[in-house]
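Have a look at the structure below, then the notes.
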Amino acid sequence: MKTILVFGGSGFVGSNISHLANKLGHRIFISDKIQKEKLKNFEFIQCEITNISSIKACIQKAKPDLVINTAAIADIDFAERENEITHKVNTQGALTIAELCAAYNMRHVFISSDAVYSGEKMEYFETDETSPINYYGFTKSMAEKKIGEVNPKSVIVRISLVLGFPLDGGNSFLADINKKLICGSDIESPTDIIRTPIDVKTLSAAVLELGLSDFYGIIHLGSFDKISRYELTKLLAHELGFDKQRIKPFDSISTENPKAKRHKNGSLNVTKAIELLQTKMLSIEVTIKNAVERIEL
Ligand SMILES: NC(=O)c1ccc[n+]([C@@H]2O[C@H](COP(=O)([O-])OP(=O)(O)OC[C@H]3O[C@@H](n4cnc5c(N)ncnc54)[C@H](OP(=O)(O)O)[C@@H]3O)[C@@H](O)[C@H]2O)c1
C-alpha cells in the first residue's frame, strides 16, 4: 500500500484516479481548492497551487510516496483570455510541485495534453517537437520543459480527450453533451478536429501503473485508432440513447470562431504505452462503452 497525493483531486480526472487508487487499497489524499460533497470520504488537504507555501504544507502533511498532478486550468477558451492566472497554475504551479517532489525524493506524475502539438501532422510521437497554437497548449508545453529540467525522473503523460462521467463535477466533455441532449438541444461538432480519446477509467489505471513503476519521461495515452469529434460525438450520443441525427457537422477551420484556436490533429501514437503497460490501450469502440458506464460512489 502506498500513500498517494493527487493535486486537482476534486476535478474530473483527479477524482477518478483517487477513487481507483482507493479501491486498490492505497492511502489517498485529495488536494484541491475546495472539498466536494461526494468526495467527503477521502482525506482532503486544501491547497492553492499558485502559492508555494500552500503546496509545501500539503506535501509535508500527506508525506506521499507518489504525487500525481492533475490540477490545471483546463478550459482552453478561459486560458486564452486569462493568461496570467493560467500561467501561474499550469506552468508555475506544476513546476513547483515537480521541484518539491525532486527535493523530497517522491515519485511525480504530471498530466499534460496533446495541445502541446500544432496539429499539422497526421500523427504525433513522444519525440516530436512541441509547437502549441493556443495559450493553454503553451502553458502545458512550458511546464513539460521546465519539469524535465528540475525533475527529470518525472512521468509526463500526454492525453488527447478524456471521456467519462465525473464523480462530482469538473471538465467532462461527455457530461456536457449528455446535459445538452437531455435538455433537448442539438449539438454542433467539428468534422475536421481529430482526436485519440481515452476513457477515464483506463486513464486512471495507466496513470497509477506509471506512477508506481520506475518509468520516467514522456508517454502518450489514448485509443489506438483516431476519430473526428463529429463522428465521436455521434457515437457517444447513440451510446447514451439519443438520436445521433441531433449531432450536426461543421468545419471549424472555415468557421468564424472567436474562441481559442484548436489544433486540428491531436492523434497520439500510443505504441510506447502498448509495449510498456499492463493497462491496455483500447479501440474507440471499447473506449466509448467504458466511458458511458457511470461509477457509483
Ligand atoms: N478532460 C480532458 O479531456 C483533458 C484532455 C487533455 C488533458 N487534460 C488535462 O488533465 C488534467 C485534469 O483535467 P480535468 O479534465 O480533470 O480538469 P478539471 O476537472 O477542471 O480538474 C482540474 C482541477 O484543478 C483544480 N485547480 C485549478 N486551479 C487550481 C489552483 N489554483 N489551485 C488548486 N487547484 C486548482 C480545479 O479546481 P476548480 O475546479 O475549483 O478550479 C479542478 O478541481 C489537466 O491537467 C488537464 O489539462 C484533460
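The values are calculated or read from the model by the stated rules, or taken from the named source; none is laboratory data. Remember, it's a predicted structure, so these values are computed and weren't measured experimentally. Cβ: placed from backbone, ideal geometry, glycine included. Neighbour counts: every protein chain shown. Ligands, DNA and RNA are excluded from the accessible area calculation, which covers all protein heavy atoms including side chains. Shrake-Rupley method; radii C 1.70, N 1.55, O 1.52, S 1.80 Å.
Protein heavy-atom surface of the chain, 1.4 angstrom probe: 50% of the accessible area is carbon and sulfur, with nucleic acids and ligands not counted. Across the alpha-carbon atoms of segment 11-57, the computed radius of gyration and Dmax are 11.1, 31 angstrom.
For segment 52-156, the dipole from Cβ point charges (+1 on Lys and Arg, -1 on Asp and Glu) about the Cα centre works out to 700 debye, to the nearest 20. Normalised by the number of residues in the chain, the average gap of Cα pairs under 8 Å and 6 or more apart makes the relative contact order 20 percent. P(r) tail, segment 98-256: Cα-Cα pairs separated by more than 24 Å, 42% of all pairs. Ellipticity at 222 nm from helices only: DSSP H runs of n ≥ 4 in the chain, each -39500 (n - 2.57), divided by the residue count, give -10500 deg cm²/dmol.
Say we join alpha carbon atoms closer than 10 Å with springs in a Gaussian network model of the chain; which of Asn51, Asn134, Asn41 then has the biggest fluctuation? For the chain, modelled as a Gaussian network with Cα springs under 10 Å, the answer is Asn41. Taking 0.36 nm per residue of separation and subtracting the Cα-Cα distance, full extension of the segment from Asn41 to Phe215 would add 59.6 nm.
Under 29 Å of direct C-alpha separation, and excluding same-chain neighbours fewer than eight residues apart, Lys61 reaches these lysines: Lys2, Lys23, Lys33, Lys36, Lys38, Lys40, Lys88, Lys140, Lys145, Lys146, Lys153, Lys201. Short-range pairs are left out: with C-alpha atoms under 8 Å and at least six residues apart, the relative contact order of segment 43-198 is 21 percent. If you place +1 on the Cβ of every Lys and Arg, -1 on the Cβ of every Asp and Glu, and leave all else neutral, what size is the dipole of segment 219-297 about its Cα centre, to the nearest 20 Debye? My answer is approximately 300 debye.
In the chain, with Lys and Arg counted as +1 and Asp and Glu as -1 at Cβ, which of these residues, Phe224, Ala21, Ser118, has the Cα nearest the positive end of the dipole, that is, farthest along it? The residue sitting most towards the positive pole is Ala21. Put Met281, Met142 in order of accessible area, highest first, and with a 1.4 Å probe you get Met142, Met281.
The charge dipole of the chain, taken about its Cα centre with unit charges on the Cβ atoms of Lys, Arg (+1), Asp and Glu (-1) only, comes to about 640 debye. Counting only protein heavy atoms and using a 1.4 Å probe, the accessible area of His108 comes to about 0 Å². Remark: the Asp243-Leu24 segment gains 75.1 nm on full extension, using 0.36 nm per residue and subtracting the alpha carbon distance. Normalised size of segment 1-89, defined as Cα radius of gyration per 2.2 N^0.38 Å with N residues, equals 1.09. Restricting attention to the chain, close to 5% of DSSP beta bridges with both partner residues there are antiparallel.
Applying a 4.7 Å cutoff between beta carbons, the unpaired cysteines of the chain are Cys101, Cys183.
Between the beta carbons of Asn105 and Asn171, assuming R0 = 45 Å, the FRET efficiency works out to 0.90 to the nearest 0.05.
Using only the Cα atoms of segment 256-295, build the gyration tensor, take square roots of its eigenvalues as a ≥ b ≥ c, and label the shape rounded, prolate or oblate: rounded if a/c is under 1.5, else prolate if a/b is larger than b/c, else oblate. It is oblate, given that a/c is not under 1.5 and a/b is not larger than b/c. In the distance distribution for the chain, Cα-Cα pairs more than 32 Å apart total 20 percent.
Each peptide in 242-248, 219-225, 193-199 was scored by the mean count of other Cβ atoms within 10 Å over its residues; highest first, the order is 193-199, 219-225, 242-248. Available extension along the chain between Cys183 and Ile274 is 28.9 nm, counting 0.36 nm per residue and deducting the alpha carbon span.
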